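Asker: Quick one: the structure is below, questions incoming.
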Amino acid sequence: MATAYDRGGEPSRAGDAVAALLGGALGKGLSAASKAARAWYAANGDRERAHTTGVWLRKPGRTGADPVLVVELDSNLLAYELGTNKDLYLSRMAFHGIAVSDIRFKVGNPSHGVGSRAAKQRGVSPLLGPKQGEHSPAPAPELTPTEAKRVERACAGLPDGLRQSVSRAMCASLRRSKSSSTQET
């Protein structure tokens, strides 16, 4: 987890900065399901977030009751484990302002999740790598000196602890976009 220091010298996490941004003007006007998903990710740790492939609200079985939060996970074992601690997750959601009558954990389609559609189009399994007989994609091209300087200028105002991780992320994103644009031509 990246730790940076704010102007007062106090430690702050990159996730806190993003959460503050999304909690402000960017978070207004979200649907109830989006608010529930945001609360789920904010209320839980890295392990829960890493294995969550979907979060949505389902109408309750009886009139007047709060909706049911459905959390889709990528592991049967984790779905069972989280289900045994359902009360803990209900209280965490309530703490984040989301009233739900129940939480249901289900194992979802393994093709769901971040980046899996692109991997499937390339023929790459997130767990197994490239299909048999195929090679992994070529490495992304390096940035030009102009692009590298642009990233450096964009990150110059960030605190030291945050600057390095944001710079790496920006470089990786630019390299990936360059790679996809060269593959399309």
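Asker: In this structure, is residue 76 of a type in the set (S, T, N, Q), open to solvent by 50 Å² or more (accessible area, probe 1.4 Å) and modelled with pLDDT of 80 or more?
Answerer: In short, yes.
Asker: Now, a different point. Take the residues in the stretch 33-56 that are in contact with a strand residue (DSSP E or B) (Cβ under 6 Å, 6 or more places away or on another chain) and of a type in the set (A, V, I, L, M); name whichever of them is least open to solvent (accessible area, probe 1.4 Å).
Answerer: 36
Asker: While we're looking at this one, here's another question. If you check every pair at least six apart or on different chains, which have Cβ atoms under 8 Å apart with a residue in the stretch 85-110 that is under 19 Å from residue 62 (Cβ atoms) first and a residue that is open to solvent by 60 Å² or more (accessible area, probe 1.4 Å) and assigned to a loop (DSSP other than H, G, I, E, B) second?
Answerer: 99/66; 100/66; 101/66
The values are calculated or read from the model by the stated rules, or taken from the named source; none is laboratory data. Every value quoted in this text rests on a predicted model; they were computed, and no experiment measured them. Using ideal geometry, Cβ is built from the backbone for each residue, glycine included, and neighbour counts are taken over all protein chains shown. Ligands, DNA and RNA are excluded from the accessible area calculation, which covers all protein heavy atoms including side chains. Shrake-Rupley method; radii C 1.70, N 1.55, O 1.52, S 1.80 Å.
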